[in-house]
Each structure stands twice: as C-alpha cells, then as structure tokens.
Amino acid sequence: MAHTSETPAAPSPSACPAPGQPHDAPPPKAAKASDDSRHELWCHVQRSIRYHRAREAFFQWFANAFTFLTLMAGSGVVVSVLSTASAAVSIWCGIAVAAMQSLELVLQISQKARLHNSLASEFSAIERTMAKKPEMSQAEMNDLEADILMIEAREPPVKRYLDLICHNQVARAIGSDDIEPLTFWQRHLAHWRSGNTALQ
C-alpha cells in the first residue's frame with residue numbers, strides 16, 4: 001500500500017493576526033472619556049433640567065391663574081350675583097373674561113409650559129443614561145452630546161440671567177465656588193429679561 005502525504009490546508013486570511021499583533025490578542029479598547037469632560041456634561045445637563053423646570057413652573061402659574069379667573073367669572077355664582085348689579089358691571093366682567101381667554105390664546109402659555117416640560121424630560125433621560133454608566137467611552141460621550149444638540153435646537157431663546165441662576169444652583173449643590181454674581185433685579189426679573197448682556 002503506497003504512502004501518500006497530505007499537504008496541510010493554508011490558514012484562512014481572517015485567522016492570521018495583523019503584523020506585530022500577537023496571536024489571540026484582544027480587540028483594542030475604546031478610548032475612555034475623561035472625568036473632566038463627563039463632569040462638564042453632567043453639569044450642563046443638570047443646569048438645563050433646572051432651567052426648563054423653572055420656565056415650566058413660570059408659565060404654568062399664569063396658565064392656572066387664567067383658568068381660575070375664567071372659571072370664576074363664568075360660574076353660575078358670579079352670574080347670579082351680577083344679575084342684580086348694573087349692566088355695566090356685567091359687560092366689563094364679560095370683557096375681562098374675553099380678554100384673558102384671548103391673551104392665553106395669543107401667548108400660548110399652556111403650550112409653552114408643556115414644551116419646557118418635554119425639554120426637561122429629555123434632559124432627564126440623558127441624566128439617567130449617565131447615571132447608569134459611571135464609566136463611558138468617548139464615543140458614548142459624543143453620542144450624548146449629539147443628543148443634547150438636537151434637544152437644544154428645539155429650545156426657545158434662552159433667558160441668560162435665569163440660566164446663570166440655574167448655574168449657581170448647580171454649583172452650590174456640588175460645593176463649587178464658581179458662582180456668577182447677579183443683582184437684585186437680574187434675579188427677580190430673570191424670566192422677563194433676555195439677559196443678553198450677561199454674555200458680555
């Protein structure tokens with residue numbers, strides 16, 4: 001019986017390690033995000049949540065006030081009381097109700113409150129993602145930053161003084177001395193003023 005030698009099969013190209021790479025080497029690890037970049041992103045998310053919650057509460061207060069006054073003016077008790085009053089009083093009360101309803105419709109106060117509620121919820125979702133991953137790769141951080149940019153694209157113009165107030169709140173919460181000084185009027189009119197001078 002003749003002896004035949006079998007030529008061993010050549011290894012597939014995919015099984016060969018790259019030049020300079022040892023056999024069975026693990027895949028390269030993704031670059032880890034620095035602690036400073038993660039901290040800055042977390043502070044940004046925290047400030048944004050506080051800002052939109054404050055704006056939501058501001059608009060919701062006016063929406064509730066308008067609803068309350070409208071219901072009171074249109075209730076049967078008020079109508080019965082006004083029935084014994086002069087016609088001028090009834091007319092002026094009707095004008096006031098119509099004015100409040102028109103103001104609510106034009107300013108869209110309830111809609112603005114819902115918008116800020118939605119924006120705050122989206123930032124809270126990013127906060128939960130960061131809480132679930134104490135260590136994140138730079139690629140994951142980049143994804144979160146891209147999500148934040150998409151949220152900020154839907155934001156109304158920012159009230160800068162209110163934004164600084166929220167910045168100070170976050171700084172105090174983490175024990176930082178990075179506090180921006182604000183005057184009495186800047187603090188109490190933060191919801192009404194644009195605060196563009198704060199950027200100067």
Within straight-line cross-link reach of K32, aspartates and glutamates at Cα separation under 18 Å, skipping those fewer than 8 residues along the same chain: E40, E135, E140, D143, E145
Calculated FRET value between S124 and K32, using beta carbons and R₀ = 25 Å, to 0.05: 0.50
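Just the number, please: carbon plus sulfur as a percent of the accessible area of the range 108-200, 1.4 Å probe, no ligands or DNA/RNA counted.
Working: 3040 of 5800 Å².
Of the solvent-accessible surface of the range 108-200, carbon and sulfur hold 52 percent.
At a Förster distance of 30 Å, what's the computed FRET efficiency of Q138 paired with R172, Cβ-Cβ distance as r, to 0.05?
Working: r = 30 Å, r/R0 = 0.99.
So, using R0 = 30 Å, E works out to roughly 0.50.
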Heavy-atom accessible area ranking, 1.4 Å probe, most first, across K132, K32, K159, K112: K132, K32, K112, K159
Excluding residues fewer than 8 positions from K133 in its own chain, the aspartates and glutamates with Cα under 13 Å of it are D35
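Can you sort H167, H188 by solvent-accessible area, 1.4 Å probe, largest first? Display every interim value, and only then the final one.
Details: H167 45, H188 110 Å².
From most exposed to least exposed: H188, H167.
Within 11 Å, Cβ to Cβ, of E40, how many net charges do the neighbouring residues add up to if Lys/Arg are +1 and Asp/Glu are -1?
-1
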Taking the alpha-carbon centre of each part, the distance from the range 37-68 to the range 118-197 in Å is 9
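The values are calculated or read from the model by the stated rules, or taken from the named source; none is laboratory data. Since the structure is predicted, the reported quantities are computational estimates derived from the model, not experimental observations. Heads up, the Cβs are rebuilt from the backbone with ideal geometry, glycines too, and the neighbour counts pull from every protein chain shown. Accessible surface is based on the protein model in full, side chains and every heavy atom, while ligands, DNA and RNA are left aside. Shrake-Rupley method; radii C 1.70, N 1.55, O 1.52, S 1.80 Å.
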